[in-house]
1. So how many residues does the stretch 172-203 have that are farther than 21 Å from residue 161 by Cα and of a type in the set (A, V, I, L, M)?
2. If residue 180 meets every condition in (1) touching a helix residue (DSSP H, G or I) at 6+ places or on another chain (Cβ under 9 Å); (2) closer than 20 Å to residue 143 by Cα; (3) among the aliphatic types (A, V, I, L, M) apart from one, which number is that one?
3. Checking the structure you have, find out if any residue of the stretch 124-133 is loosely packed, with under 10 Cβ neighbours inside 10 Å, of a type in the set (A, V, I, L, M) and in contact (Cβ under 8 Å) with a residue 40 or more places away in the chain.
4. Report yes if some residue within the stretch 87-107 is of a type in the set (S, T, N, Q) and modelled with pLDDT of 80 or more; otherwise report no.
5. Across the stretch 176-205, which residue is surrounded by the fewest Cβ atoms within 10 Å (Cβ to Cβ) among those that are within 24 Å of residue 218 (Cβ to Cβ) and aliphatic (A, V, I, L, M)?
6. Considering (1) modelled with pLDDT of 85 or more; (2) surrounded by 15 or more Cβ atoms within 10 Å (Cβ to Cβ); (3) assigned to a loop (DSSP other than H, G, I, E, B), say which one residue 222 fails and leave the rest.
7. Consider only pairs whose beta carbons are under 7 Å apart and that are at least six residues apart or on different chains; among these, list those whose first residue lies in the stretch 171-197 and is of a type in the set (S, T, N, Q) and whose second residue is at pLDDT 85 or above and not in a helix (DSSP H, G or I).
8. Being in contact (Cβ under 8 Å) with a residue 12 or more places away in the chain and among the small types (Gly, Ala, Ser) is the filter here, so list the residues in the stretch 198-229 that pass it.
Amino acid sequence: MPRRHVTLVLDLDEAGNPIEINRGWQEDEVSLPTGGLGMTPRVNVDEASLAGVLPDSAAHVSQIAKLNIDLEAANAAKVAADIAKTAAEQDRDEKVETAERDRDGKVMQAQADVIERDATIAQLQASLAALTAPPAYITISDRQFFQALALNDLITQEEAEAAVATGTIPAAMAALVNHLPIEQQFPARMLLKGETAFRSDHPLTMVLAGLYSWTPEQMISLFEAASRL
């Protein structure tokens with residue numbers, strides 16, 4: 001039976017693993033790696049002898065191809081993981097920014113609400129103060145005025161009735177008016193005889209308070225009491 005020869009070329013990597021196989025079936029010699037001896041031996045290898053070499057070489061090549069596929073898959077998975085991580089970080093940052101904007105908006109709104117509340121409270125306090133503050137002056141009728149004087153024993157009841165009915169000035173008050181400067185006596189008598197309403201801030205009221213040695217508070221108290229008569 002004639003022998004069949006094959007040309008076999010094995011290229012090895014740095015680890016000594018075959019990375020390429022070239023073969024041709026013919027009567028020829030085979031070139032093998034020298035292992036650094038500086039010469040290339042030439043041998044004849046038949047098909048039967050090669051049978052034990054080729055399966056291992058094919059397995060190495062298949063293993064390398066599989067490793068390359070696994071490496072590419074691992075790289076692709078890493079890229080996908082990096083993309084997912086970046087997307088997650090961006091989503092987290094956007095949520096943080098949104099939360100901070102919402103928080104700042106709520107803080108600003110709360111501050112505006114506080115300012116508005118304080119303004120409303122100040123307005124209510126001012127209105128309440130205006131409603132509860134004593135009036136700048138008190139106005140009473142001539143009847144209330146002379147009646148209050150009689151109740152405080154400053155004039156008699158008969159004098160109070162005559163003052164209201166006929167405009168007669170009570171004697172004690174007439175004596176007080178006579179102590180005024182001459183130019184003030186006539187206006188004072190006209191006021192006491194003909195005025196139908198007396199104000200607590202009228203100049204004559206202040207003069208009467210001085211003549212009776214009243215304090216401003218006592219005069220206001222007299223007018224407040226008279227206003228309830």
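The values are calculated or read from the model by the stated rules, or taken from the named source; none is laboratory data. All figures in this text were calculated on a predicted structure; none of them were measured in a lab. Neighbour counts are summed over all protein chains in view; Cβ atoms, including those assigned to glycine, are modelled from backbone coordinates with ideal geometry.
1. 2
2. Condition (2) is where residue 180 drops out.
3. no
4. The answer is yes, given that some residue of the stretch 87-107 is of a type in the set (S, T, N, Q) and modelled with pLDDT of 80 or more.
5. Once the filter is applied, the top-ranked residue is 197.
6. Of (1) modelled with pLDDT of 85 or more; (2) surrounded by 15 or more Cβ atoms within 10 Å (Cβ to Cβ); (3) assigned to a loop (DSSP other than H, G, I, E, B), only one is false for residue 222: (3).
7. These pairs meet every condition: 185/178; 196/141.
8. 200, 225, 226, 227
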